[in-house]
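Student: I have a structure here, written as structure tokens, and I will follow up with some questions on it.
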Amino acid sequence: HPTLAPLPKGFLWGAASAAYQVEGAWNEDGKGVSNWDKFVRIPGKTFKGTTGDIAVDHYHRYREDVQLMAELGLKAYRFSVAWTRIFPDGRGKVNPKGIEFYSNLIDELRKAGIEPILTLYHWDLPQALQDEYGGWESRQIIEDFTNYSIELFKQFGSRVKYWVSLNEQNIFTMLGYRAAAHPPGVKDEKRFYQANHHASLANASVIGAFRTHVPDGKIGPSFAYSPAYPLTANPEDILAAEIAEELNSHWWMDVYAWGKYPKVAWKALERKRVVPIIEEGDAQLLEAGRPDFMGLNYYQSSTYEKNPLEGGVGQAEMNTTGKKGSSKDAGIQGMFKTVANSYLERTNWDWNIDPDGLRIALRRIESRYKLPVLISENGLGEFDEEKEGGIIEDDYRIDYIRSHVKAIQEAVTDGVKILGYCIWSFTDLLSWLNGFQKRYGLVYVNQHEEGEHDLSRIKKKSYYWYKNVIHTNGEEI
Ligand code: BG6
């Protein structure tokens, strides 16, 4: 496009995954039990009771997977480390087999010219720490998460330049402590804000330690940002959207970027008596833990409407049905509720398809925080069908990614600094609550909720399309 600025040379065209969703080998080579290993065994928690025990067997097939990445021409691969492979009980003695696995993976990637992006925490907490002191609800987690991270900095700091601290702190705390859809399955506003505060402190502490151990590296959190839109020009809706932006986004991003909670949101939560207890030294710790970039996980925007205190809607159950139109409005009484946006198409899981929302998210981050952005996740979860002869024609995924790459080019033209773009996901993988039916990969994996499958990998149409995008540095999309 003649009026769009070209993407910078060295742009990190990437793809991403997370340990629990791809590795499998849940109890091999000395790995300890994580909160997810336990949670998926509680009846009714996941789609058809699907677990990540095998997942897509990346633990045994990582060489083949990296080979597929190399063939694609991928410039970066974002993966997470399972804490329980390194410290089976969360702390104590290092498990050398765990180090060995990630060391081999990193070497394999580097040999193929692929930049590793290492996520320290993508939701799989050692169950031992949950049992011992309640995981994120105790301040002890700050020290344990920092020690675990330092071990990884020491082991891999010379080979890994890009690091992600916490993946989607807003999502794992909200789903874990407010919606009870993720472990530890709690519904309690006060505990949610307190656990989240500890996570913010742990995040800052790890970034502080990173400066000493990996002085040349770059680190940031990955935030799940869904920019807020008002449904109408009615000032009540505008206010609802502003409150949502403050409570759902600034509450985290302000803390990352500035070490401070947003004042107006703080006041509102103080009135509800749910603000976290802040101890002496917390403010200094948060302020010292500034990231090098904002990691952005973008899937969709959210549209808000006023929501009365009396008779308004509250929390909704998670929609894991895969049936369009089956999700319900949800919100916080007296503040806002999320509603459908008639201008936007939706996926079968009712996620809005909104590439302009990505540009808006990027512009807002640039305006408010002036930090470079690493788009650490973006992609489309859909049913895929394997046709005769191993063909997967996922044109809908290509359309989704194409429109989002264009939004990135527009944002770069606007002046946003973007380091890279990681498609979620490289191979198909386990969708935490949705089993294997909701697929995101560029590479199809023959794995399903029920029965035994050969886990073979098949390149989807989107794989070939993305290969050319990378090859032309985004000139041909
Ligand atoms: C992000 C997570 O929230 O979204 C991923 O970081 C997750 O781990 C992805 O898989 C898609 O979510 P879902 O629920 O569709 O699998």
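The values are calculated or read from the model by the stated rules, or taken from the named source; none is laboratory data. Computed from a prediction, not measured in an experiment: that's the story for all the values here. When we count neighbours, we look across all protein chains shown, and the Cβ atoms used for this are built from the backbone with ideal geometry, even at glycine. These area figures cover heavy atoms from the full protein model, side chains too; ligands, DNA and RNA do not enter into them. Shrake-Rupley method; radii C 1.70, N 1.55, O 1.52, S 1.80 Å.
Student: When the accessible area of the range 52-133 is split by element with a 1.4 Å probe, what percent falls to carbon and sulfur?
Tutor: Here it works out to 46 percent.
Student: Now for a different question. What FRET efficiency would be calculated for the residue pair Lys161, Ala283, taking the C-beta separation as r and a Förster radius of 30 Å, to the nearest 0.05?
Tutor: So, using R0 = 30 Å, E works out to roughly 0.50.
Student: Tell me the per residue accessible area of the range 15-74 using a 1.4 Å probe; a whole number in Å² is fine.
Tutor: I get 37 Å² per residue for this part.
Student: Multiply the residue gap between Val274 and Lys154 by 0.36 nm, knock off their C-alpha separation, and tell me the result in nm, one decimal place.
Tutor: That pair, Val274 and Lys154, stretches by 39.4 nm at full extension.
Student: What is the sum of charges around His122, taking Lys and Arg as +1, Asp and Glu as -1, for the other residues whose C-beta is under 12 Å from the C-beta of His122?
Tutor: -3
Student: Tell me the per residue accessible area of the range 138-259 using a 1.4 Å probe; a whole number in Å² is fine.
Tutor: 30 Å²
Student: Do any trypsin sites (Lys or Arg not before Pro) in the range 241-344 lie in a loop, going by DSSP, with at most 14 other beta-carbon atoms within 10 Å of their beta carbon, and if so which?
Tutor: Here the sparse-neighbourhood loop sites are Lys260, Lys272, Arg273, Lys323, Lys324, Lys328.
Student: A further question follows. Helix-derived [θ] at 222 nm for the chain: sum -39500 (n - 2.57) over DSSP H runs of at least 4, divide by residue count, nearest 500?
Tutor: -11500 deg cm²/dmol
Student: Heavy-atom accessible area per residue, the range 271-340, 1.4 Å probe: how many Å²?
Tutor: 55 Å²
Student: Given labels modelled 7 Å from the Cα in the Cβ direction, how far is it in nm from Ala112 to Glu475?
Tutor: Between Ala112 and Glu475, the simple spin-label model gives 2.6 nm.
Student: Also, quick follow-up: What would the Debye formula give as log10 I(q)/I(0) at q = 0.08 Å⁻¹ for the alpha-carbon point model of the chain, no solvent?
Tutor: The Cα Debye sum returns log10 ratios of -0.44.
Student: Subtracting the Cα-Cα distance from 0.36 nm times the residue separation, let me have the gained length for Arg346 to Lys48 in nm, one decimal.
Tutor: 104.9 nm
Student: Between Leu239 and Ala316, what is the label-point separation in nm under the 7 Å Cα-to-beta-carbon projection?
Tutor: 2.4 nm
Student: Work out how much length Glu143 to Asp399 would gain on full extension: take 0.36 nm times their residue separation and subtract the Cα-Cα distance, in nm to one decimal.
Tutor: Gain on extension, Glu143 to Asp399, equals 87.7 nm.
Student: Report the dimensions of the range 333-477 along its three principal axes from the alpha-carbon atoms, largest first, rounded to Å.
Tutor: Dimensions of the range 333-477 along the principal axes of its Cα atoms: 50, 47, 25 Å.
Student: Count neighbours as other Cβ atoms within 10 Å of each site's Cβ, and list the GluC sites (Glu not before Pro) in the range 215-251 that are DSSP loop with at most 12 such neighbours.
Tutor: Here no GluC sites (Glu not before Pro) fit, given the DSSP loop and packing criteria.
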